[in-house]
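These notes are about the structure you will find just below.
The values are calculated or read from the model by the stated rules, or taken from the named source; none is laboratory data. Here the structure is a predicted model, which means the values were calculated and not measured. Every residue, glycine among them, receives a Cβ derived from its backbone with ideal geometry; neighbour counts consider all protein chains shown.
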2 protein chains.
Amino acid sequence: MRICLIGSGNVATHLGIALSEKGHQIVQVWSPTAKHAEILATKLNCPFTTQTDSITLECDIYLISIKDNTITTLLPEIKWKNKLVLHTAGSISMEILAPYCQNFGVLYPFQTFSAGKKIDFDQVPFYIESNSPQNLEVINRLAQSLSHRVTPLDSTRRQQIHLAAVFACNFVNHFYAIAKELLGESGIDFEILKPLILETANKVISQSPESSQTGPAIRNDKVVMEKHLAMLNSHPDLKELYEQISKRIIQTHIH
Amino acid sequence: MRICLIGSGNVATHLGIALSEKGHQIVQVWSPTAKHAEILATKLNCPFTTQTDSITLECDIYLISIKDNTITTLLPEIKWKNKLVLHTAGSISMEILAPYCQNFGVLYPFQTFSAGKKIDFDQVPFYIESNSPQNLEVINRLAQSLSHRVTPLDSTRRQQIHLAAVFACNFVNHFYAIAKELLGESGIDFEILKPLILETANKVISQSPESSQTGPAIRNDKVVMEKHLAMLNSHPDLKELYEQISKRIIQTHIH
């Protein structure tokens, strides 16, 4: 299919490269930042623009992957006519597209994308939604060309899985950062945590969060928890987090 | 070496089986709970006891893997004489053993152990400590028979890495549990999160927590964060966690 990429961030970059590798034609990249647009357009060997009124009308699909809070500013600036317009955001209802487009939908890759870390798209769950069965079929074909895990999902449930992902991915990564910070204060390298991080993830994959829980809170080991809280005296924010999460683990275990 | 296992929980079980597989002789298992002692002793094909005064005096090493807060109760009950007594706890100073033992130390496997999930001990970092260079050499030989990643570490720094592990492992696992809870409320299976959980761990292994951070907080996307907080209205504890962690991610990113 002939695709116009609206955006040049991590999601646009990973999706653009994967779509191109699967034989789709990326016709144009738009981004408000010329440098970002150019970097991605060079990777995809296609032209780019920073002007909304220079966006090509020659594409089958317009894929919007920009900051969630800038979509509403962009949408009215472009004459979409009957083109199929998709956004890729977990947190935004499909209906945001309705006032501006006749044909629209969502293509949500349920994965975390960072610069420089290639993703095996075949294993990425895609959640799709559309305003019509015909458009859903087109989006399904597009998603199936990237992954064998494509599922239709309404906006409410997509927003719910996005929220769950904030806890299981974004917050988890910040906890890796907290651990690195605490180790760094004792001059210990983050490296030593890696086998534990991998085993923690692998264990929950093969078992469940309930059967995988270990540590002082699940044992209700007050002596250790008190010691840890004392060690966090110079980090009031971490001390508070430690107390709240430990309390929640204890409560979850009791119920 | 001839080893007596004091304890029958996850650490004692995994260590006991691994030591036995490496040719060490587990001579006896002690646990206050007869059923637990019997289960582990059966696996190790050795006798067990629930009485501290029936603990054999025939071993080279006594490995204490019991709840952190019960070690101080157990220690005075046994005449350790000149036997080498080790505990396996991250959070407990080695000096807790000093009033009761002549030869003592720590063998701390830096990993999370759950029933039914076998561990490749060769990849597990072991942190060891002892009251004398001679004993340290014995503990080093014991640890090296299980893993090629053995490092001497003092009690203060061992307690610091244990605290970091609570964030990177125990709290991370609870966040998997929170995500499962949120998905369950929409009738969505935890299964769909698994590719994201694995990629989040793999990304921090190959990159760093800083370059791996994604999500609404690092983008300072207030619209999405407000929406998520509203979705968490019926979970005041999760709402508070969401706010605190997002705030911390934003601050970390600014500095």
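Tabulated data
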read-out: Pair list, Cβ under 8 Å, 6 or more apart: the range A:159-184 residue within 17 Å of A:Asp237 (Cβ to Cβ) and not assigned by TED's automatic domain parsing to the domain that holds A:Val106, other residue surrounded by fewer than 23 Cβ atoms within 10 Å (Cβ to Cβ) and acidic (Asp, Glu); value: A:Ala177/B:Glu210
read-out: From B:Leu136, B:Leu163, residue being in contact with a His (Cβ under 6 Å, 6 or more places away or on another chain), surrounded by 15 or more Cβ atoms within 10 Å (Cβ to Cβ) and on the phi < 0 side of the Ramachandran plot; value: B:Leu163
read-out: Residue ID - farthest from the other protein chains (Cβ to nearest Cβ), chosen from residues in the range B:222-245 that are part of a loop (DSSP other than H, G, I, E, B) and surrounded by 15 or more Cβ atoms within 10 Å (Cβ to Cβ); value: B:His235
read-out: Number of positions in the range B:196-221 that are more than 7 Å from chain A (Cβ to nearest Cβ) and farther than 30 Å from A:Pro195 by Cα; value: 1
read-out: Residue tally, condition out of contact with any strand residue (DSSP E or B) (no Cβ under 8 Å at 6 or more places or on another chain) and either of a type in the set (Lys, Arg) or in a strand (DSSP E or B) (or both), over the range A:78-91; value: 2
read-out: Selected residue [within 30 Å of B:Ala230 (Cα to Cα), assigned by TED's automatic domain parsing to the domain that holds A:Val138 and in a helix (DSSP H, G or I)] from A:Leu19, A:Leu75; value: A:Leu75
read-out: Every residue from the range A:69-106 that is in contact (Cβ under 8 Å) with a residue 60 or more places away in the chain, within 13 Å of A:Asn131 (Cα to Cα) and small (Gly, Ala, Ser); value: A:Ser93
read-out: Condition broken by A:His174, with the remaining ones in (1) in a helix (DSSP H, G or I); (2) within 22 Å of A:Leu97 (Cβ to Cβ) satisfied; value: (2)
read-out: Residue that is among the polar types (S, T, N, Q) and surrounded by 15 or more Cβ atoms within 10 Å (Cβ to Cβ), where the choices are A:Asn45, A:Asn69; value: A:Asn69
read-out: Flag for B:Ser145 being more than 7 Å from chain A (Cβ to nearest Cβ), surrounded by fewer than 21 Cβ atoms within 10 Å (Cβ to Cβ), of a type in the set (Ser, Thr, Tyr) and in contact with a helix residue (DSSP H, G or I) (Cβ under 6 Å, 6 or more places away or on another chain); value: no
read-out: Matching residues in the range B:19-42 - criterion: being touching a strand residue (DSSP E or B) at 6+ places or on another chain (Cβ under 9 Å) and closer than 21 Å to B:Ser145 by Cβ; value: B:Leu19, B:Ser20, B:His24, B:Gln25, B:Ile26, B:Val27, B:Gln28, B:Val29, B:Leu40
read-out: Test: B:Leu183 is more than 7 Å from chain A (Cβ to nearest Cβ) and either buried (at least 22 other Cβ atoms within 10 Å of the Cβ) or closer than 20 Å to A:Leu193 by Cβ (or both); value: no
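The rows are residues; the columns are (1) modelled with pLDDT under 95; (2) under 21 Å from B:Ser93 (Cα atoms); (3) not in a helix (DSSP H, G or I).
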site: B:Ile128; (1), (2), (3): no, yes, yes
site: B:Val166; (1), (2), (3): no, yes, no
site: B:Lys180; (1), (2), (3): no, no, no
site: B:Ile197; (1), (2), (3): no, no, no
